[in-house]
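The values are calculated or read from the model by the stated rules, or taken from the named source; none is laboratory data. Here the structure is a predicted model, which is why all the values come from computation and not from measurement. For neighbour counting, all protein chains shown are included, and Cβ atoms are generated from backbone atoms with ideal geometry for every residue, glycine included. What goes into the accessible areas is simple: the full protein's heavy atoms, side chains included, and nothing from ligands, DNA or RNA. Shrake-Rupley method; radii C 1.70, N 1.55, O 1.52, S 1.80 Å.
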Amino acid sequence: MLRLWLVLVGVLAFAARADALVPVVIGPLQAFLALLPAILGGLGAAIITLFKPATVKKLILFLWHQKVFTVILILLVSGLVYGARNDWWRGTGPVAEAEVGTDWPAFRGGPLRHGVVPGAPEPDQAGSIWQYTHRAMFLSTPTVVGNRVYVTYADWRPFVDRGAVLCLDADTGNEVWRYRGEGSGQQMRATFSSPSVADGYIVVGEGLHFTDDSRVFCLDMDGNLQWVYRTDSHVETTAAIYDGKVYIGAGSDGYYCFKLEPDEKGQPQKVWRLPAEDGFVDCETSPIVHDGVVYLGVGIGGNAAVAVDAETGETIWWHDTPYPVFTAPSIDNGKLFIGMGYGDFVNSAEAAKVDLANRMRGRGESEERIEEITGPFRAGGEVWCIDIETGDILWKYGDKEEDMLERVVLGAVVPKDGRIYFGSRDGHVYSLSQEDGELLAYWDVRSPVTASMAVGDQFVYFVCQRGVLYCADARTLEPVWETSLGGGEIFSSSPTIARGHVYVGTQNDGLRCIGRVGDPPPVLWNRGERGGSADPSPLSERGRVNWRLPDSLDAAQEMNLTATAPPMSLGDSVYFACKRHGEPEFIKLRVQYLTGEDVPSDRDYPTDADRVEWSVPLDSPVTDPPVGLGDTIYLVTDTDIRALAAEDGAETWRMDLEPGASGKLTLDRERLIVWTGPESVTALSIKSPSQPEMLWTREVGKGIAAPELAGELCIVSTGGTMQVLCADYGTELWLNPPNPPGSPLFAPLRVHRAVITVTDD
C-alpha cells in the first residue's frame with residue numbers, strides 16, 4: 001500500500017499545478033524543469049492505469065477505511081501547494097506606519113528623470129540592506145514615496161503568465177500589500193511597466209512585449225482597484241500623471257489619455273487616443289508632460305520624436321528620426337533630450353531584426369512587408385537635443401563619424417547641472433554638455449547598459465547586463481564602488497535612490513536594497529588582499545608606464561635600491577620595504593603625480609625625492625609582506641613587530657619577538673595574529689592605535705606559515721597539523737591530526753567552508 005500512497009500524493013500535487021514551484025529562468029533546461037511536474041504527473045497517471053482492477057479496488061477500499069487520514073492528507077497537500085502558489089511565507093514581517101513623501105508621477109520621478117528622491121542622501125559605499133526574493137523577474141523600476149516602495153514583477157514561464165503590484169516597507173523590505181488583479185476579473189499578467197504615484201493614486205500598465213489586450217490599472221494607496229482599462233496591445237510604458245490626467249503608451253494600440261479619477265460608476269474616463277493610423281504605430285516610450293505639452297517617442301515603423309497638446313492630443317511638432325525612439329524624454333532648461341536606436345533590452349539590433357521577422361512570419365505577413373519593416377535595422381544610435389518651445393533640433397550626438405554611437409540608447413538621457421548622462425548598448429556610459437553636445441566624460445563598462453542611470457549631486461548609479469551595480473563619480477564617471485546583483489541575462493530595472501539606499505530589481509534575485517551613507521570602514525591590506533589589487537579600477541589599455549623609482553638609470557645607480565618584501569597599498573600610497581646602499585629601510589611612495597602648487601615650478605613631474613614621502617631606517621630588513629589597517633602599518637623585522645603611523649612613519653608601538661620566531665602575521669579589523677615565538681602564536685587587539693591589548697598567547701607547535709582569520713576563527717598550520725582556535729580567547733576548537741605529514745609552506749587558504757593547506761611533503 002505504500003506505493004499506492006506515493007502515487008496518490010503525486011497525483012494530488014500534479015492536480016494542484018505544482019509547476020508554480022519551478023524557478024524563473026529562461027532556456028531549454030528551465031523549460032524542461034517547468035514541464036517536469038507534468039511529466040511526473042503523467043507517469044503517475046500511467047502507473048495507475050497499469051494497475052490491475054484488483055489493485056484499484058484495494059486502493060479504493062483503503063481510502064474508504066482511512067477516511068480521516070485521507071482527508072487530512074488531501075487538505076495538507078492542497079494547502080501546501082496553494083500556499084506555495086500564493087507565497088504565504090512572504091511579507092510576514094512588521095511594517096512601519098506610512099510616511100508622507102514626494103509624489104513620483106512619471107518614470108524616474110519626473111521630467112528630469114533623475115531617479116532620485118529629492119533631498120535623499122547618496123549612498124557612498126556598498127552593502128546589502130535587504131532583499132525581497134521571489135521566483136519572478138523584477139524587470140520594472142521601483143518607485144519610492146515616503147517609506148514605501150512600489151514595484152511590479154513578471155512571473156512568466158511555460159504555462160504561467162502572472163504579475164502583481166507590490167508595496168513594500170522601504171526600510172525592511174517587508175510586504176505591506178500586493179495587488180494581483182483582484183476586482184478586474186482576471187489575474188494580472190507578467191508586467192514590465194513601473195508604477196507612477198501622484199494625488200493618492202497608483203497607475204501601472206500590464207503585459208510583456210508579446211502580450212495582447214493588456215490593461216491599465218489605477219489603484220488607491222492601499223492597493224484597492226479604482227478603475228481598469230483594456231487595450232488592444234501590451235502596456236510596457238510607465239504612465240505620466242499630470243493635472244488630473246494619465247498619459248500612457250500601449251504598444252501598437254497608440255497613446256492614451258485618461259482622467260485620473262473614475263466616473264461615478266467606477267469606470268475609466270478616456271479623454272483621447274493617438275492611434276496607429278495617425279503614425280503612432282509602436283508606442284513604447286514612457287511619456288512626460290511639461291507646461292501642458294506631452295512629449296512622446298514612436299518606435300519601429302514610426303521612428304519619431306513628437307510633441308502633442310496635453311488637453312486635445314493634437315500634434316504640435318513631429319520630427320522623423322533615423323532610428324526608433326524608445327527612451328523616456330527628459331526636459332531641463334527649455335531643452336528636451338532623447339535617445340534612439342535599433343535593439344532592445346534583450347536583443348542587439350541584429351538579433352532584434354531576426355526576432356521581429358520571425359514574429360511577422362508567424363502572423364502570416366508577406367516577405368515584402370517584413371523587408372519594409374526590418375530592412376532599416378542597423379547598429380548605431382543617437383542622442384538629440386530639441387528646443388521645446390520651437391521644436392528646433394539644437395544638436396545631435398552620434399550622427400558623425402568622430403562621435404559615432406555603436407549601439408542603441410534605451411535608458412533615459414538624464415540632465416543635471418549643465419550635463420547629460422546616458423548609457424548605451426555599446427557598453428559605455430557617457431556625459432555630454434547640454435549646451436552643445438560635447439563629450440565631457442565616458443567610461444568603458446565592457447557590458448551593455450540598457451537601463452536608465454540615476455543621477456545625484458555627487459554620484460551616478462547604473463546597472464550593466466553583467467548584473468553589476470555601479471556607483472560612479474558624477475564628473476569623471478569612474479566607479480567609486482560596485483556590487484553584484486546576482487545572476488541573469490536581463491537587467492532592465494533602473495536604480496532608484498532614496499533614504500540613503502539604492503533600490504533595484506533583478507532577473508533571478510528579487511528586489512534589492514543596497515548601499516548606505518556614512519564613513520567607510522578603514523582600508524585593510526592583509527598580505528595582498530583582493531589578489532594584490534588596491535582597488536577595482538581598470539588597468540590602462542595601453543600599458544603606459546606612469547612612473548618608476550628610480551626614474552632613470554643614473555638615479556638607479558646612485559640610489560642602489562633593493563626590494564626585500566612585496567609592496568603594500570594603503571589609501572592613496574604605496575609602502576615598500578627595501579635596502580638602500582645595503583641599509584634596511586621602509587619607505588612611503590606617492591602614487592599619483594603632484595598637482596597644482598605641489599609641483600615645483602621648474603619641472604612638470606616629480607623627481608625621486610618628491611616621490612618618496614618618508615623613509616624609516618630599520619635595524620634589520622623586513623622580508624615578509626607588511627599589513628595595514630586604516631592609518632597604521634604593521635611590519636616585522638628579525639627581532640620585533642612594530643606599528644608605524646601611515647601619515648609620517650612615526651613609531652606607534654613595538655613588541656619584541658622571541659629568538660626563532662617566524663613573525664608571520666595576519667589581521668582583520670579588530671585583531672592582529674602573529675607568531676611571537678618558535679611555537680607560540682599571539683593575538684593582539686588593534687582597536688586602539690596606541691599600545692595593543694594582548695588577548696591571548698598559545699603554544700601550538702612549530703609555526704612557519706602565517707595564520708588565517710575567518711570571522712571568529714583563527715586557523716593555524718604547524719608541522720603536520722591544522723588547528724582552529726577561537727580568535728577572541730585562543731581556545732582550541734578542533735585539531736586535525738598529522739595527515740598529511742610535513743610542514744606548511746604557506747598560510748592556510750579558506751575557500752567557502754573548506755580550508756586548504758600546502759606542506760613540503
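General remarks:
- Flag for Leu139 being among the aliphatic types (A, V, I, L, M) and more than 13 Å from Arg512 (Cα to Cα): no
- Residue match in the stretch 292-312 (condition: surrounded by fewer than 17 Cβ atoms within 10 Å (Cβ to Cβ), touching a residue at least 12 places away in the same chain (Cβ under 8 Å), among the charged types (D, E, K, R) and assigned to a strand (DSSP E or B)): yes
- For the stretch 666-683, the set of residues classified as farther than 20 Å from Thr718 by Cα and part of a strand (DSSP E or B) consists of Arg671 only.
Yes or no, residue by residue, for (1) crowded, with 22+ Cβ neighbours inside 10 Å; (2) without any contact (Cβ under 8 Å) to a residue 24 or more places away in the chain; (3) not small (Gly, Ala, Ser):
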position	(1), (2), (3)
Thr152	yes, no, yes
Arg180	no, yes, yes
Ser184	no, no, no
Ser196	yes, no, no
Phe217	yes, no, yes
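- If you go through the stretch 656-676 and keep only what is at negative phi, more than 34 Å from the chain's Cα centre (by Cα) and surrounded by fewer than 17 Cβ atoms within 10 Å (Cβ to Cβ), you end up with Asp656, Glu658, Pro659.
- Only one entry of Glu371, Glu382, Glu406, Glu365 meets the criterion of being of a type in the set (Asp, Glu) and either modelled with pLDDT of 95 or more or closer than 30 Å to Asp291 by Cβ (or both), and that entry is Glu382.
- Filtered by the rule that a residue be acidic (Asp, Glu) and either in contact (Cβ under 8 Å) with a residue 60 or more places away in the chain or open to solvent by less than 30 Å² (accessible area, probe 1.4 Å) (or both), the stretch 632-655 gives a lone residue, Asp640.
- Qualifying residue in the stretch 506-529 (condition: part of a loop (DSSP other than H, G, I, E, B), in contact with a Pro (Cβ under 9 Å, 6 or more places away or on another chain) and at pLDDT below 70): yes
- Subset of the stretch 126-147 (residues that are part of a strand (DSSP E or B), open to solvent by less than 30 Å² (accessible area, probe 1.4 Å) and touching a residue at least 60 places away in the same chain (Cβ under 8 Å)): Gly127, Trp130, Tyr132, Met137, Thr143, Val144
- The set of residues in the stretch 154-178 being of a type in the set (A, V, I, L, M) and either farther than 23 Å from Trp481 by Cα or open to solvent by 10 Å² or more (accessible area, probe 1.4 Å) (or both) consists of Ala154, Val160, Ala164, Val165, Leu166, Leu168, Val176.
- Any hit, the stretch 237-250, residues being within 27 Å of Ala304 (Cβ to Cβ), modelled with pLDDT of 95 or more, open to solvent by 50 Å² or more (accessible area, probe 1.4 Å) and part of a loop (DSSP other than H, G, I, E, B): yes
Residues checked against (1) part of a strand (DSSP E or B); (2) out of contact with any Ser or Thr (no Cβ under 9 Å at 6 or more places or on another chain):
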site	(1), (2)
Leu410	no, no
Ile420	yes, no
Tyr442	yes, no
Arg446	no, yes
Ser452	no, no
Val460	yes, no
Ala472	yes, yes
Leu477	no, no
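- Taken as a whole, the condition of being touching a residue at least 60 places away in the same chain (Cβ under 8 Å) and open to solvent by 60 Å² or more (accessible area, probe 1.4 Å) does not apply to Ile420.
- Members of the stretch 466-509 that are under 23 Å from Thr172 (Cα atoms) and open to solvent by 40 Å² or more (accessible area, probe 1.4 Å): Glu482, Ser484, Arg499, Asn508, Asp509
- Pairing each residue of the stretch 670-694 that is without any contact (Cβ under 8 Å) to a residue 12 or more places away in the chain with any residue that is open to solvent by 50 Å² or more (accessible area, probe 1.4 Å) and among the aromatic types (Phe, Trp, Tyr), provided the two are 6+ apart or on different chains, yields no C-beta distance under 9 Å.
- Filtering the stretch 574-588 to residues that are under 15 Å from Thr623 (Cβ atoms), touching a Phe, Trp or Tyr at 6+ places or on another chain (Cβ under 9 Å) and at pLDDT 90 or above leaves Tyr575, Ala577, Cys578, Glu585, Phe586.
- Residues that are among the hydrophobic types (A, V, I, L, M, F, W, C), outside any helix (DSSP H, G or I), within 16 Å of the chain's Cα centre (by Cα) and at pLDDT 95 or above occur at least once in the stretch 486-497.
- For the stretch 447-464, a tally of residues being open to solvent by 30 Å² or more (accessible area, probe 1.4 Å) and either over 19 Å from Gly398 (Cα atoms) or touching a Phe, Trp or Tyr at 6+ places or on another chain (Cβ under 6 Å) (or both) returns 2.
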